[in-house]
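Below: one structure, written as structure tokens.
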Amino acid sequence: MEHIDVAVIGGGQSGLATAYALLRRGLRPVVLEASHRTAGSWPRYYDSLTLFSPARYSSLPGMPFPGADRDRYPHRDEVVAYLTAYAGRLDAEIRTGFRVSAVRRTGGGLTVELEGGDRLSARTVVAASGTFGRPHRPALPGLEEFTGQVLHAAGYRSPAPFTGRRVVVVGAGNSAVQIAAELAETARVTLATRAPVKFAAQRVLGRDLHWWLARTGLDAAPLGRLLSRPPAQPVLDDGRYRAALAAGRPQRRPLFTGADGTKVTWPDGKREEVDAIVLATGYRPDLPYLTGLDGALDAAGNPRHREGLAAGVPGLAFVGLEWQRSLSSNSLRGVGRDADRVARRLAAYLARR
């Protein structure tokens, strides 16, 4: 069996930032990426996705986001190209096509089991596999009885297949509003939410909101430890989405109260034929390989940790969790800070041992 100091599970933005931080601490991580490219979930997001943070606030440590216009909002494909280039510049061992099936305690460390039967002995493990692989599908009234098309935003790519159809998008976050507004250009769309959509201005006093977050220190403030659950984030808007909702494209309605066959029932009692329901209802940490590791996850499958260090498994850490330490923890601009903190603590842990 191969013996290594640090196994990093995931070769997307969190895993790459972690590898960079570990290398700076003199450690030699082995990055295990299940897919055959080092861009994480970004290639699988919908085609029109653009960042809500400008290029100057969308970089991993050690490599600025490229391009002359630092205030533009990069497209999905630009992020894919950036992460691919970032991985190419890292002096780290990155193994693509290596899917982790389980992590188990053994002797003085952890064993990483791979699909196919191979195993690695690791003194420490960093789970940096993101959330895209675990779309959240909430229990909605009647959804199991609905016989029309139901898909999560993870499976949405473009509005083309929905042209001329009646679509309900469920959710009140950035992706829900962005997808619903895009669909409304070619389909009849309702955005169904439990409460009115909350907006935050993209620009304040002539500056992008991220400039203010960085200048005030709120972006990196360690607020995660104070939260029992991540708060809902407002929709960042330059005015176009608020205007689209005001114009009824898409229409915003309270969440349906029931569904059966191809119809949904609205709170006013009206029943309506619907072709498709798109669930833009977020994601949860994708950590199936830790389900057999006692103390790593809670009953809901979420990590037990304090600012990234596992609460009940020595040598195990997490990077890239939403609100792991701060508002920006699960973002290109903020994950490097958490990765550096975790790398520093793992280096100290290994030195003690």
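The values are calculated or read from the model by the stated rules, or taken from the named source; none is laboratory data. The structure displayed is predicted, hence computed values, not measured ones. FYI the Cβ positions are ideal-geometry reconstructions off the backbone, even for glycines, and counts take in every protein chain you see. What goes into the accessible areas is simple: the full protein's heavy atoms, side chains included, and nothing from ligands, DNA or RNA. Shrake-Rupley method; radii C 1.70, N 1.55, O 1.52, S 1.80 Å.
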Using label points projected 7 Å from each Cα along Cα→Cβ, tell me how many nm separate GLU115 and GLU144, to one decimal.
2.8 nm
Which residues does a label at ASP298 reach in the range 120-149, if reach means a backbone N under 20 Å from a point 7 Å past the Cα toward the Cβ?
127-132, 134-139
Total charge dipole magnitude, the chain, about the Cα centre, Cβ charges on Lys, Arg, Asp, Glu only, Debye to nearest 20:
900 debye
Hydrodynamic radius (Kirkwood) for the range 26-153, which is based on Cα pairs only, to one decimal in Å
17.8 Å
Compare the peptides 213-225, 45-57, 179-191 by average per-residue count of other Cβ atoms within 10 angstrom and give them in order, highest first.
179-191, 45-57, 213-225
Provide the percentage of antiparallel DSSP beta bridges, counting only those with both residues in the chain; round to the nearest 5.
40 percent
Rounded to the nearest 20 debye, dipole of the range 4-83 from Cβ charges on Lys, Arg, Asp, Glu:
220 debye
For the range 246-345: Kirkwood Rh in Å [reciprocal of mean 1/r, alpha carbons]
17.1 Å
If I histogram all Cα-Cα distances within the range 159-283 using bins 10 Å wide from 0, what percent of pairs lands in each bin?
12, 36, 30, 15, 6, 0
Contact order normalised by length for the range 204-347, with contacts defined as Cα pairs under 8 Å and 6 or more residues apart; what percent is it?
21 percent
Out of [x] 5, 24, 33, 26, 10, 2, 0; [y] 5, 23, 27, 21, 15, 7, 1, 0; [z] 5, 23, 30, 24, 14, 3, 0, which label holds the value of P(r) over Cα pairs in 10 Å bins from 0, in percent that was computed here?
[z]
Could you report the accessible area of GLU93 in Å², rounded to 10, computed with a 1.4 Å probe on the protein chains as they sit in the structure?
90 Å²
How do ASP77, ASP237 rank by accessible surface area computed with a 1.4 Å probe, from largest to smallest?
ASP77, ASP237
With DNA, RNA and ligands ignored, accessible area of ARG306 (1.4 Å probe; Å², nearest 10):
150 Å²
Given a Förster distance of 30 Å, report the FRET efficiency between ARG95 and ALA68 from their Cβ-Cβ distance, rounded to the nearest 0.05.
0.30
